[in-house]
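First the structure, in the form of structure tokens, and then the observations on it.
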Amino acid sequence: MTPYDEVASLYAELFSDMLDTRPLERAMLAAFAELTTGPVADLGCGPGHLTAHLRSLGLDVFGLDLSPAMIALAREAHPDLRFEEGSMTALDLEDEALGGILAFYSVIHMPPHELPAVFAEFFRVLAPGGHLMLGFFAGDDPEPQEFDHKVTLAYRWSPSGLMDLLKQAGFAEVGRLVREPVDGERFLQAQVLVRKS
Ligand SMILES: C[S@@+](CC[C@H](N)C(=O)[O-])C[C@H]1O[C@@H](n2cnc3c(N)ncnc32)[C@H](O)[C@@H]1O
């Protein structure tokens, strides 16, 4: 049982239509889609709404999540797409197998000391020129801050702090977006886009 299994249905109910009211997220996802060729993995895909959005933008995409309940909901909502159970920490993929990775609000649950190994894994499976996009809760503190996430342990990162880690893993920055909270959100929201050179 993973932390998201118990809340999977509620999560899907609350967030599956989230992109409808998030023009800035849609803009970054559109940029990611335009820059990306080849297979794409949506890591920590939850109920699969972003996987489906990337497919609608023309990408050859599949979703992967640690939570069996999330994967069951994703398969039910999007029977035409591929979803797999698994962990982003150990991907069952050959080196350089992917053209792109989306990890939207999923690396937020990694303890900070484990993130370098996760980014090394992302770097391994991306082909040269491949893109990685992360979505996360942002803050100004230079160090990651643990906060009282409703489901399980989670961290806020400064965009610069997370970008430094990505650069240490070998990625080059393409761009970043930080927006103000809306609709009862508590924190700044950020996306960073990087490339494996
Ligand atoms: C906040 S939800 C984000 C879901 C979706 N990406 C979105 O933006 O709505 C975090 C998801 O990451 C998944 N997750 C957490 N740790 C993971 C891991 N090590 N590997 C794969 N998925 C993981 C959880 O099961 C959960 O579905």
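The values are calculated or read from the model by the stated rules, or taken from the named source; none is laboratory data. Not measured: the values here are computed from a predicted model. Counting neighbours? That spans all protein chains shown, and the Cβs are built from the backbone with ideal geometry, glycine included.
For LEU19, state whether it is in a helix (DSSP H, G or I) and without any contact (Cβ under 8 Å) to a residue 12 or more places away in the chain. Here the answer is no, as LEU19 does not meet what is asked.
Are any of the residues in the stretch 32-41 more than 11 Å from the ligand (Cβ to nearest atom) and part of a strand (DSSP E or B)? There is at least one residue in the stretch 32-41 that is more than 11 Å from the ligand (Cβ to nearest atom) and part of a strand (DSSP E or B).
Quick check on GLY100: is it crowded, with 20+ Cβ neighbours inside 10 Å, in contact (Cβ under 8 Å) with a residue 24 or more places away in the chain, within 20 Å of VAL194 (Cα to Cα) and of a type outside the set (A, V, I, L, M)? The answer is yes for GLY100. Restricting attention to the stretch 147-158, and to residues there that are out of contact with any Gly (no Cβ under 9 Å at 6 or more places or on another chain) and modelled with pLDDT of 95 or more, which single residue is surrounded by the most Cβ atoms within 10 Å (Cβ to Cβ)? Here the residue is TYR155. When the stretch 50-66 is limited to residues that are assigned to a loop (DSSP other than H, G, I, E, B) and in contact with a helix residue (DSSP H, G or I) (Cβ under 6 Å, 6 or more places away or on another chain), the one that is surrounded by the fewest Cβ atoms within 10 Å (Cβ to Cβ) turns out to be LEU57.
Quick test for you: out of ALA74, ALA69, ALA27, pick the one residue that is more than 11 Å from the ligand (Cβ to nearest atom) and assigned to a helix (DSSP H, G or I). Being more than 11 Å from the ligand (Cβ to nearest atom) and assigned to a helix (DSSP H, G or I) holds for just one of ALA74, ALA69, ALA27, which is ALA27.
Among the conditions (1) among the small types (Gly, Ala, Ser); (2) crowded, with 21+ Cβ neighbours inside 10 Å; (3) out of contact with any Lys or Arg (no Cβ under 9 Å at 6 or more places or on another chain), GLY161 misses just one, which is (2).
Counting just the residues of the stretch 46-55 that are among the hydrophobic types (A, V, I, L, M, F, W, C) and touching a residue at least 40 places away in the same chain (Cβ under 8 Å), which one comes out nearest to the ligand (Cβ to nearest atom)? Only one residue fits best here, namely LEU50. Within the stretch 138-145, is even one residue among the hydrophobic types (A, V, I, L, M, F, W, C) and closer than 23 Å to LEU14 by Cβ? Within the stretch 138-145, one or more residues are among the hydrophobic types (A, V, I, L, M, F, W, C) and closer than 23 Å to LEU14 by Cβ.
When the stretch 180-189 is filtered for residues that are touching a residue at least 40 places away in the same chain (Cβ under 8 Å) and over 15 Å from ALA154 (Cα atoms), the ones remaining, listed by number, are VAL182, ASP183.
Across the stretch 73-97, the qualifying residues are those that are in contact (Cβ under 8 Å) with a residue 24 or more places away in the chain and of a type in the set (Gly, Ala, Ser), and the one among them that is nearest to GLN145 (Cα to Cα) is ALA90. On inspection, ILE101 does not qualify as modelled with pLDDT of 95 or more and under 22 Å from ASP5 (Cα atoms).
Against the list (1) modelled with pLDDT of 95 or more; (2) surrounded by fewer than 21 Cβ atoms within 10 Å (Cβ to Cβ); (3) part of a loop (DSSP other than H, G, I, E, B), the condition LEU10 fails is (3). Within the stretch 174-187, is even one residue surrounded by 19 or more Cβ atoms within 10 Å (Cβ to Cβ) and within 16 Å of the ligand (Cβ to nearest atom)? For the stretch 174-187, residues surrounded by 19 or more Cβ atoms within 10 Å (Cβ to Cβ) and within 16 Å of the ligand (Cβ to nearest atom): absent.
Return a yes/no flag: does the stretch 56-65 have any residue that is more than 13 Å from the chain's Cα centre (by Cα) and within 11 Å of the ligand (Cβ to nearest atom). No, that holds for no residue.
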